[in-house]
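I have placed the structure first, in the form of structure tokens, so that the comments after it can refer back to it.
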Amino acid sequence: MTRCLGKWDGALRRAALIAGVAAVAAVAPAPARAQDALARLKEQGFCRIAIANEPPFTAVNPDGKVSGAGPDVARAVFKKLGVDDVVASISEYGAMIPGLQARRFDAITAGLFMKPERCRAVAYSEPILCDTEAFAVKKGNPDKLLSYEDVGKNPKARIGVPGGGVEEKLSLAAGVPRDRAIVVPDGQSGIKMLQDGRIDVYTLPVLSISDLLKKANDPSIEMVAPVQGAPISCDGAAFRKQDASLRDAFDKVLAEMKQSGEFAKIVEPYGFSAAAAMQTSREKLCGGPN
Ligand code: 6CS
């Protein structure tokens, strides 16, 4: 006898089905959830990455192609994971993690240095790009600015910093008052503001300042590197906490590429040291497991 499922019976069956699926999903082993996130990226055909367009960490070429050490490593890893390419959105450093959490990006591969407070918000891969900090100053460094503390102690010194970036935090922590730590949207603006005398020093990682000064080709400005007392920082690719198993899949391929020499072949032409990344770890840089 076929029992016709009344409206309520149908609703009950649907509710039972949803409950059953939810129960299975809740206990799905991590690899299954990784496949969900990875499967989503494979189906999408690309990984949406956040970048800052700060060469050599990240760059958008005149033809629109995304390059830089971070996206190049990410593209190589994702290809091996079956995700064909990366599609980049330019973001200020301070907006990257909120954008990731709001699902505007699938990963951050921008040189977003691992710091404990960031490690609390995202799941980082193992280290990829390491650097310390530099200043761009007027030729001869007339204000003798060698450290963030020197900037703090000089009541007239205005420092240009990336919004939400490590250098902003280092400046404020070294005693630079808020109104003398000027948020600058990008590298070219920072150099222009220095040339125009609207700031007295501009700070980014060494390789970024070096790239900017080479392109500026202006004998009236020069680099001070490293900034005295500044830490060596390393980034990793950053994922949502709930995509930690996707991060693990990324890490597995990254480790193979470090082992095979492929990782070095990608990052070293940009000026980065593969050894520096391989000699440290996410756990060390995050100050604990992440
Ligand atoms: O992670 C950061 O906050 C810094 N990283 C880079 C590559 N450039 C500036 C930024 O502040």
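On the stretch given as the stretch 87-118, residues that are open to solvent by less than 10 Å² (accessible area, probe 1.4 Å) and farther than 16 Å from Pro56 by Cα total 7.
Among the residues in the stretch 164-171, are any within 16 Å of the ligand (Cβ to nearest atom), surrounded by fewer than 20 Cβ atoms within 10 Å (Cβ to Cβ) and under 30 Å from Arg120 (Cα atoms)? Scanning the stretch 164-171, I find at least one residue that is within 16 Å of the ligand (Cβ to nearest atom), surrounded by fewer than 20 Cβ atoms within 10 Å (Cβ to Cβ) and under 30 Å from Arg120 (Cα atoms), so the answer is yes.
When Gln195, Gln188 are checked against the criterion of being at pLDDT 95 or above, among the polar types (S, T, N, Q) and open to solvent by 70 Å² or more (accessible area, probe 1.4 Å), Gln188 stands alone in meeting it.
Among the residues of the stretch 255-279, those that are open to solvent by less than 50 Å² (accessible area, probe 1.4 Å), among the small types (Gly, Ala, Ser), on the phi < 0 side of the Ramachandran plot and over 18 Å from the mean Cα position of the chain (by Cα) comprise Ala264, Ala275. Whether a residue is crowded, with 19+ Cβ neighbours inside 10 Å, more than 16 Å from the chain's Cα centre (by Cα) and within 16 Å of the ligand (Cβ to nearest atom) was assessed, and Val161 passes this test. Scanning the stretch 158-196 for residues that are in a loop (DSSP other than H, G, I, E, B) and among the hydrophobic types (A, V, I, L, M, F, W, C) yields Ala174, Val176. Taking every residue in the stretch 196-211 that is closer than 21 Å to Gly152 by Cα and pairing it with any residue that is near the ligand (Cβ under 9 Å from one of its atoms) and hydroxyl-bearing (Ser, Thr, Tyr), at least 6 positions away or on another chain, the pairs with Cβ-Cβ distances below 9 Å are Pro205/Ser233; Ile209/Thr203. On the stretch given as the stretch 132-149, residues that are open to solvent by 20 Å² or more (accessible area, probe 1.4 Å) and either in contact (Cβ under 8 Å) with a residue 40 or more places away in the chain or under 21 Å from the mean Cα position of the chain (by Cα) (or both) total 7. A single entry from Arg48, Arg40 fulfils the requirement of being part of a strand (DSSP E or B) and modelled with pLDDT of 90 or more: Arg48. Select from the stretch 203-230 the residues that are more than 11 Å from the ligand (Cβ to nearest atom) and touching a Ser or Thr at 6+ places or on another chain (Cβ under 9 Å) and write down the one among them that is least open to solvent (accessible area, probe 1.4 Å). For the stretch 203-230, the residue satisfying everything is Val227. Output yes when any residue across the stretch 136-146 is within 15 Å of the ligand (Cβ to nearest atom) and within 21 Å of Ile199 (Cβ to Cβ), and no when none is. Yes, that holds for at least one residue. In summary, Ile97 fulfils each of the numbered conditions (1) at pLDDT below 95; (2) over 26 Å from Glu256 (Cα atoms); (3) of a type outside the set (S, T, N, Q) with the single exception of condition (1). One residue stands out in the stretch 76-86 among those that are on the phi < 0 side of the Ramachandran plot and open to solvent by 30 Å² or more (accessible area, probe 1.4 Å): the one that is farthest from the ligand (Cβ to nearest atom), namely Asp84.
Here Pro289 meets the list (1) modelled with pLDDT of 95 or more; (2) open to solvent by 90 Å² or more (accessible area, probe 1.4 Å) almost entirely, failing just condition (1).
The values are calculated or read from the model by the stated rules, or taken from the named source; none is laboratory data. Everything numeric here is computed off the predicted structure, so don't read it as measured data. Quick reminder, even Gly has a Cβ in these numbers, built from the backbone with ideal geometry, and neighbours come from all protein chains shown. Quick note on the areas: whole protein, heavy atoms, side chains included, nothing else; ligands and nucleic acids left out. Shrake-Rupley method; radii C 1.70, N 1.55, O 1.52, S 1.80 Å.
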